[in-house]
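**Q** Structure provided below as structure tokens; questions to follow.
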Amino acid sequence: NRGGRGRENFLPSKRNKWNRSLSTRLGRTSIAVCAFTHQLHNRKPGRNGKPPRPRGKAFQMPSFDKERLYFEEVDAFELLEESPSPKKLGTWISSTEVDDAIIPHLSSVMRKWLFCNRLNRKYVHLSPLPKILETPVPSGGTICQNATPSSIREALENAHLDAFSNSNEFHNLSLQDKNLSRDSNHDICKDIELSIQKFSPGSELPVQDKNAFSALLTACGQSTTSTLRHVLMTYCGLDAITKIGEGTYGEAFKIGNKVCKIVPFDGDLKVNGELQKKSEELLEEVVLSCTLNHLRGHDSEATNACSAFIKTEGLRVCQGSYDSALISAWEEWDTIHGSENDNPKDFPENQRYVLFIQEHGGKDLESFVLVNFDEARSLIVQVTLALAVAEAAYDFEHRDLHWGNILLSRRDEPTVTFILEGKAVQAKTSGLRVSIIDFTLSRINSGEDILFLDLSSDPLLFEGPRGDIQAETYRNMRHVTGDCWEGSFPKTNVLWLQYLVEILLSKKTYERTSKNTRDLRSLKRRLNDYGSAKEAVFDSFFSELL
């Protein structure tokens, strides 16, 4: 149940650290060459290497004195009436009345971009203005991430779930247009100055962290923190806890018939070489997990539904040192498998954690043994349908669907049901069930908020080795999005489908014929023509399974 983002484990040795911010970045020298250098070689040299003497009169610089005098005379002349309207003479404005004239508003898009551009560059990632003006605004949202005075005051005064996405990584696009509506006499610069005083780029956010933590407690249904032991004992005995996986930011343990993912946050101690996550980031992940839980409803009125995303059954915030039962399970795993993470016994007594209690989805694709081509084909169709349903429901993009984030289990169920835009689809399973996990890098529109992770703040994610399938997929995503991660780009889901097909071709062994291999390669080529998983669902490769 591997939860680490950008995980690679192709060899038995320690994994490549390029995606864990532990590698040494190598600079590359850029050499600029003049485009007209070749012309210099063809130029005839002057006398003794000197430029030729001018013939006739010596060249004199042109004089613009007459033109300058003309425009000075024009500028000195004061018009009595300006800006005439040919249809309404009463709209003419005298020069003495200009100061009292009502100046029209900027367009809403330009106004909000200018506001964001002035406000707190450290915490706001802005796209270039030409790209923003060409990008449609999502329904119910705005281009500006978090830059209205009302939203700032709300984040400071209320510990409400929707008020905390002001971190430098996650952004909230749910601001309504009315938040920026002002009467014509309102001075927007006053709002900017007030906001900058509260959120100056060089200062800390003392109120935000406290409020985000309170909001996180509320989202998990708590008024105060619990202890790890108290939560774990509600699911099983402490001696029955076993570790089953690990990620860059946390550990996964089996507790009874559930899986508990433990993620430390808000601490000073680095986790496996990385800075701990903040309350705001965990709050976003909690909201996203709960939103995807809504897809599991299969009532007759459901427009989009599926069970392929892992079910989150509980969320708890705990505080204290790592429990001894968890440390024993961790060390036992380390003895057998060789852990790539730091021993959690070093966490201090005031360390905070978020516990994601989830159903057990099985083994990840990296370690799962596929039997035949039918299972491989069913795996692809289930993942494609799941992404298509989430696209239709929430404009969802996973953005990190590597083989460690696809869990597989064998069940005696011939088909599984998906509801896509009101139509029920039965997919053959070949006895295989898929569960998709880890939504750390995901983008989703919940209807009230657009949650996403600004991957441009993590350049090491795109510096993986050339030719590596996963590293190339991250770079292809950046090319598709243009580093504008707040936008909707369902093509990123297609990129991960191509990654999955390539994994089945080059990294997994199972019973297949040469025709099966050709079919997979043809599918990978055809995926280039699809702009979303919803389009890919109708590919001929899946026709026999639906």
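**Q** Has region 238-251 got at least one residue that is part of a helix (DSSP H, G or I) and loosely packed, with under 15 Cβ neighbours inside 10 Å? Talk me through it step by step, then tell me what you get.
**A** Here is the first cut: in region 238-251, the residues part of a helix (DSSP H, G or I) are 238-240.
Filter again for loosely packed, with under 15 Cβ neighbours inside 10 Å, leaving 239-240.
Yes, some residue in region 238-251 is part of a helix (DSSP H, G or I) and loosely packed, with under 15 Cβ neighbours inside 10 Å.
**Q** Still on this structure, please answer the following. For region 417-450, which positions are part of a strand (DSSP E or B), open to solvent by 10 Å² or more (accessible area, probe 1.4 Å) and not small (G, A, S)?
**A** T417, I419, L420, K423, V425, Q426, K428, R433, N445
**Q** Across region 266-279, what is the total count of residues that are part of a strand (DSSP E or B), in contact (Cβ under 8 Å) with a residue 40 or more places away in the chain and within 19 Å of the chain's Cα centre (by Cα)?
**A** Within region 266-279, residues that are part of a strand (DSSP E or B), in contact (Cβ under 8 Å) with a residue 40 or more places away in the chain and within 19 Å of the chain's Cα centre (by Cα) number 1.
Table: residues versus (1) among the β-branched types (V, I, T); (2) touching a helix residue (DSSP H, G or I) at 6+ places or on another chain (Cβ under 9 Å); (3) farther than 23 Å from S339 by Cβ.
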{"site": "E246", "(1), (2), (3)": "no, yes, no"}
{"site": "L275", "(1), (2), (3)": "no, no, no"}
{"site": "E284", "(1), (2), (3)": "no, no, yes"}
{"site": "E301", "(1), (2), (3)": "no, no, yes"}
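**Q** Mind listing whichever residues of region 464-496 are touching a Gly at 6+ places or on another chain (Cβ under 6 Å) and either open to solvent by less than 10 Å² (accessible area, probe 1.4 Å) or of a type outside the set (K, R) (or both)?
**A** Applying the first criterion (touching a Gly at 6+ places or on another chain (Cβ under 6 Å)) to region 464-496 yields 471, 491.
Result: A471, single match.
**Q** Only residues that are under 25 Å from K423 (Cα atoms), at pLDDT below 90 and not polar (S, T, N, Q): list them for region 256-302, please.
**A** As a first pass, look at region 256-302 and keep what is under 25 Å from K423 (Cα atoms): 288-302.
Now narrow it down to the ones that are at pLDDT below 90: 296-302.
R296, G297, H298, D299, E301, A302 - these are the residues of region 256-302 that are under 25 Å from K423 (Cα atoms), at pLDDT below 90 and not polar (S, T, N, Q).
**Q** Before we move on, is Y235 in contact with a Pro (Cβ under 6 Å, 6 or more places away or on another chain) and modelled with pLDDT of 90 or more? Reasoning before the result, please.
**A** Numbers: in contact with a Pro (Cβ under 6 Å, 6 or more places away or on another chain): no; modelled with pLDDT of 90 or more: yes.
Judged against the criteria, Y235 is not a match.
**Q** Can you spot a residue in region 408-429 that is within 30 Å of L275 (Cβ to Cβ) and of a type in the set (S, T, Y)?
**A** Pass one, region 408-429, residues within 30 Å of L275 (Cβ to Cβ): none.
Among the residues of region 408-429, not one is within 30 Å of L275 (Cβ to Cβ) and of a type in the set (S, T, Y), which makes the answer no.
**Q** For G320, are the conditions met, namely being touching a residue at least 60 places away in the same chain (Cβ under 8 Å) and over 30 Å from the mean Cα position of the chain (by Cα)? If you could, list the steps in order and put the result at the bottom.
**A** On the way: touching a residue at least 60 places away in the same chain (Cβ under 8 Å): yes; over 30 Å from the mean Cα position of the chain (by Cα): yes.
It is true that G320 is touching a residue at least 60 places away in the same chain (Cβ under 8 Å) and over 30 Å from the mean Cα position of the chain (by Cα).
**Q** Another question, then. What's the total number of residues in region 306-324 that are surrounded by fewer than 20 Cβ atoms within 10 Å (Cβ to Cβ) and not polar (S, T, N, Q)?
**A** 4
**Q** Looking only at helices (runs of 4 or more DSSP H) that fall completely inside region 467-546, which ones have 3 or more residues that are over 24 Å from L432 (Cα atoms)? Before you say what the answer is, go through the steps one by one.
**A** On the way: elements: 469-481, 491-506, 514-526, 533-536.
Counting at least 3 such residues, we get 469-481.
**Q** Return the residues of region 495-511 that are among the acidic types (D, E) and under 15 Å from N476 (Cα atoms); say none if nothing qualifies. Show your work before the answer.
**A** Of the residues in region 495-511, the ones among the acidic types (D, E) are 502, 511.
Listed by number, the list holds a single entry, E502.
**Q** Shifting gears a bit: Which residue is surrounded by the fewest Cβ atoms within 10 Å (Cβ to Cβ), if the candidates are limited to region 399-416 and must be among the charged types (D, E, K, R) and in a loop (DSSP other than H, G, I, E, B)? Show your work before the answer.
**A** Filtering region 399-416 down to residues among the charged types (D, E, K, R) leaves 399-400, 410-413.
Checking which are in a loop (DSSP other than H, G, I, E, B) leaves us with 399-400, 411-413.
Working: R399: 24, D400: 25, R411: 11, D412: 6, E413: 10.
The residue in question is D412.
**Q** Can you spot a residue in region 288-296 that is surrounded by 14 or more Cβ atoms within 10 Å (Cβ to Cβ), in contact with a helix residue (DSSP H, G or I) (Cβ under 9 Å, 6 or more places away or on another chain) and part of a loop (DSSP other than H, G, I, E, B)?
**A** Looking through region 288-296, none of the residues is surrounded by 14 or more Cβ atoms within 10 Å (Cβ to Cβ), in contact with a helix residue (DSSP H, G or I) (Cβ under 9 Å, 6 or more places away or on another chain) and part of a loop (DSSP other than H, G, I, E, B).
**Q** Which one of the conditions (1) at pLDDT below 95; (2) open to solvent by 10 Å² or more (accessible area, probe 1.4 Å) does L461 fail to meet, given that it meets all the rest?
**A** (2)
**Q** Same structure again: Where residues in region 497-525 are farther than 20 Å from H402 by Cβ and out of contact with any helix residue (DSSP H, G or I) (no Cβ under 8 Å at 6 or more places or on another chain), which of them is most open to solvent (accessible area, probe 1.4 Å)? Break it down into steps so the answer makes sense when it comes.
**A** The first filter runs over region 497-525 and keeps only residues farther than 20 Å from H402 by Cβ, leaving 511-519, 521-522, 525.
Retained after the next criterion (residues that are out of contact with any helix residue (DSSP H, G or I) (no Cβ under 8 Å at 6 or more places or on another chain)): 514-515, 518, 525.
Values: S514: 81, K515: 113, R518: 133, R525: 148 Å².
Per the criteria, the residue is R525.
**Q** Here are N343, N372: which of them is among the polar types (S, T, N, Q) and either open to solvent by less than 40 Å² (accessible area, probe 1.4 Å) or modelled with pLDDT under 95 (or both)? Reasoning before the result, please.
**A** Details: N372 fails: either open to solvent by less than 40 Å² (accessible area, probe 1.4 Å) or modelled with pLDDT under 95 (or both).
Answer to the check: N343.
**Q** Can you find even one residue in region 372-381 that is touching a residue at least 60 places away in the same chain (Cβ under 8 Å), more than 24 Å from E285 (Cα to Cα), in a loop (DSSP other than H, G, I, E, B) and among the polar types (S, T, N, Q)?
**A** Start the filter on region 372-381 by keeping residues that are touching a residue at least 60 places away in the same chain (Cβ under 8 Å), which leaves 372-373, 375-381.
Checking the rest, the ones that are also more than 24 Å from E285 (Cα to Cα) come to 372-373, 375-381.
Remaining after also requiring in a loop (DSSP other than H, G, I, E, B): none.
Checked region 372-381: no residue is touching a residue at least 60 places away in the same chain (Cβ under 8 Å), more than 24 Å from E285 (Cα to Cα), in a loop (DSSP other than H, G, I, E, B) and among the polar types (S, T, N, Q).
The values are calculated or read from the model by the stated rules, or taken from the named source; none is laboratory data. This one's a predicted model, so the numbers in the text were calculated from it and none came from an experiment. Ideal geometry is used to build each Cβ from the backbone, glycine not excepted, and the neighbour counts take in all protein chains shown. Only protein heavy atoms, including side chains, enter the accessible area calculation; ligands, DNA and RNA are left aside. Shrake-Rupley method; radii C 1.70, N 1.55, O 1.52, S 1.80 Å.
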